[in-house]
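Structure record follows, encoded as structure tokens.
The values are calculated or read from the model by the stated rules, or taken from the named source; none is laboratory data. Please read these numbers as outputs of a predicted model, since none were measured by experiment. Counting neighbours? That spans all protein chains shown, and the Cβs are built from the backbone with ideal geometry, glycine included. Ligands, DNA and RNA are excluded from the accessible area calculation, which covers all protein heavy atoms including side chains. Shrake-Rupley method; radii C 1.70, N 1.55, O 1.52, S 1.80 Å.
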Amino acid sequence: MNDKTKPATIKEVAQLAGVAPSTVSLVLNNSNKVREGTRQKVLQAVKKLNYVPNNFAVSLRQSHYICLGALVPDLYNPFYLEIIKGLREQCNMAGYPIYVAETKNSLEEEKKQISYLRSIKVNSYVFIGTGDDDEDLAQNLLANPNNRVCYADKYDSTGTIPHVVIDNYRAAFDAMECLIHHGCDNIYYITQKVMSTPVVKRMDGVIDAMKKHGLYQENKIVIANDVLLGKLESGYYAMNSILAQDRPTGMMASSDYLAIGMKRALSEHGLKIPDDISMIGFDNIDISRFTVPSLTTVNQPREQMGALAFSLVTDRDAIFTPANNCFVLRHDFIIRESVQNRNA
């Protein structure tokens, strides 16, 4: 008898149906080599034993299999989780297993997680927003011809790895110009400490927009210590440091998380958004539309990023070169209540 505390095996299904395990396998794979009467006996045994096929084990026995691993810096960041959601939905539809590993912005931790993923036969890797210092890890994975690698919210400098991004420079440039065109003339930008390429491109866009309108000063770019602190706290303390010496008319942050922390500091100083200070974030995480006032921000199509990354990493025939390895998705500028036109 089957021990109900343990999952049924294919051998137990075969024994109950009075057939060979290979026949059970043929039925589960919808083979037309099995007579209808035998098929029904097998299906009845499957139902009675509540048998669930181990698709991962099956895939390992096949000549070609796909098992995904997603690496993210922070599992508490909803921006990354939305990309993973897009990946996972595609995996579920295709029947591919997926494993998610947190790197904690640490190269050593990333090495450890990749070592584990390799040990469980992962052969398709999606690096989501990880640092620029891990390119050697990606190239080492590609040394195995069975592996595929893709980046999401991360750029490739080697010309060999497909990557899915938005135009971070243009998005940040346009957001900063929005503050300027709405009459803000004393603007600060708060950015995270880990300078991945998307973050650098955003900062470049901000600085160039400031320079274009004669508003750039080096001290107006403030780096928040989000390595030792969470993003909410680091935004809060960075905003406090600015208010200790100046009274801005406009603020922009490299992420919505930073902006929400900044809003708390402004409130404690008796300053109102947007009456006293206009503010723009970046990423359009869900909570940004529920803050009071709601946060103007740059929207990244996160689930679409995940879905496209899935397609790129599972296409076993594609060859990527510098001419075709960059996939730039459209971003949107979401204007809400945190920006006021001071020119009116």
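What accessible area, in Å² to the nearest ten, does a 1.4 Å probe give for residue 268?
Accessible area of residue 268: about 100 Å².
What whole-number value in Å² describes the accessible area per residue of region 190-344 for a 1.4 Å probe?
On the way: 7270 Å² over 155 residues.
Solvent-accessible surface per residue comes out at 47 Å².
Distance in nm between label sites at residue 212 and residue 237, each 7 Å beyond Cα in the beta-carbon direction?
Between residue 212 and residue 237, the label points sit 3.4 nm apart.
First compute the accessible area of region 119-176 with a 1.4 Å probe, then give the percent of it belonging to carbon and sulfur atoms. Provide the component values of the computation, followed by the final result.
Working: 850 of 1870 Å².
The C+S portion of the solvent-accessible surface of region 119-176 is 45 percent.
When the chain is treated as a GNM, springs tying every alpha-carbon pair under 10 Å, which of 49, 215, 179 comes out with the largest mean-square fluctuation?
Taking springs between Cα atoms under 10 Å, the residue moving most is 49.
Rounded to the nearest 5, what % of DSSP beta bridges with both residues in the chain are antiparallel?
On the way: 3 of 35 bridges.
That works out to approximately 10 percent antiparallel.
May I ask you to derive the relative contact order of region 77-188, considering only C-alpha pairs under 8 Å and at least 6 residues apart, and to give it as an integer percent?
Values: 78 pairs, mean separation 17.7, N = 112.
Relative CO of region 77-188 lands at 16 percent.
Starting from the Cα-Cα distance between residue 99 and residue 50, subtract it from 0.36 nm times their residue separation and give me the gain in nm to one decimal.
Working: separation 49, 0.36 × 49 = 17.64 nm, distance 2.52 nm.
Between residue 99 and residue 50, full extension yields an extra 15.1 nm.
Pairs 154/263; 104/272; 220/272; 193/263; 47/85; 104/193: which are spaced more than 24 Å apart, C-alpha to C-alpha? Walk me through the numbers before you get to the answer.
On the way: 154/263 28 Å; 104/272 34 Å; 220/272 20 Å; 193/263 19 Å; 47/85 31 Å; 104/193 14 Å.
Beyond 24 Å: 154/263; 104/272; 47/85.
Ranked by accessible surface with a 1.4 Å probe, highest first, in what order do 39, 202, 247 come? Mind showing how you got there, number by number?
Numbers: 39 40, 202 10, 247 130 Å².
Sorted by accessible area, descending: 247, 39, 202.
Can you figure out the FRET efficiency of residue 118 with residue 167, using R₀ = 22 Å and their beta-carbon distance, to the nearest 0.05? Write out the running numbers ahead of the final one.
Details: r = 34 Å, r/R0 = 1.53.
The calculated FRET efficiency here is 0.05.
Putting +1 on Lys and Arg Cβ atoms and -1 on Asp and Glu Cβ atoms, find which of 253, 77, 194 reaches farthest to the positive end of the dipole of the chain.
My answer, from the dipole projection, is 77.
Pulled fully out, how much extra length does the chain show between residue 323 and residue 143, if you take 0.36 nm times their separation in residues and subtract their Cα-Cα distance?
Numbers: separation 180, 0.36 × 180 = 64.80 nm, distance 2.11 nm.
Difference between extended and current length: 62.7 nm.
Based on the mean of other Cβ atoms within 10 Å per residue, sort peptides 159-165, 207-213 so the most packed one is first.
On the way: 159-165: 20.4, 207-213: 16.4.
Sorting 159-165, 207-213 by mean packing, highest first, produces 159-165, 207-213.
In terms of modelled amide H atoms, which long-range or inter-chain residues lie less than 5 Å from the amide H of residue 277?
Sorted by chain and number, the residues that satisfy this are 272.
Of the options 24, 143, 105, report the single residue whose Cα projects farthest towards the positive end of the charge dipole of the chain (beta-carbon charges: Lys, Arg +1; Asp, Glu -1).
24
With +1 assigned to the C-beta of every Lys and Arg and -1 to the C-beta of every Asp and Glu, and no other charges, what is the dipole magnitude of the chain about the Cα centre in debye, to the nearest 20?
Values: 37 positive and 38 negative charges, 376 e Å.
Using only the charged Cβ atoms, the result is roughly 1800 debye.
Given axes a ≥ b ≥ c from the Cα gyration tensor, I'd like to know whether region 175-264 is rounded (a/c under 1.5), prolate (a/b larger than b/c) or oblate. Don't skip to the end; give the middle numbers.
Working: a/c = 1.88, a/b = 1.30, b/c = 1.45.
Note, shape of region 175-264 comes out oblate.
Based on DSSP H runs of at least 4 residues, each adding -39500 (n - 2.57), what is the mean residue ellipticity at 222 nm of the chain after dividing by all its residues, to the nearest 500 deg cm²/dmol?
On the way: 12 runs with 144 residues, N = 344.
Calculated from helices alone, the mean residue ellipticity at 222 nm is -13000 deg cm²/dmol.
Once both labels are modelled 7 Å past Cα along the beta-carbon direction, what's the residue 316-residue 247 spacing in nm?
About 6.6 nm, to one decimal.
Separation of region 68-93 and region 298-340 by C-alpha centroid, Å?
14 Å
Just to check, using Stokes-Einstein with a Kirkwood Rh over alpha carbon pairs, what's the diffusion coefficient of the chain at 20 °C and 1.002 mPa s in µm²/s? If you can, show how the numbers build up before the last one.
Values: Rh = 22.7 Å.
Rounded to a whole number, D works out at 94 µm²/s.
Calculate the dipole size of region 130-274 relative to its Cα centre from +1 charges on Lys and Arg beta carbons and -1 charges on Asp and Glu beta carbons; express the result in debye to the nearest 20.
Numbers: 14 positive and 19 negative charges, 96 e Å.
Around 460 debye, computed over region 130-274.
Quick one: how many Å² of residue 216 are accessible to a 1.4 Å probe, rounded to 10?
Roughly 80 Å² of residue 216 is accessible to a 1.4 Å probe.
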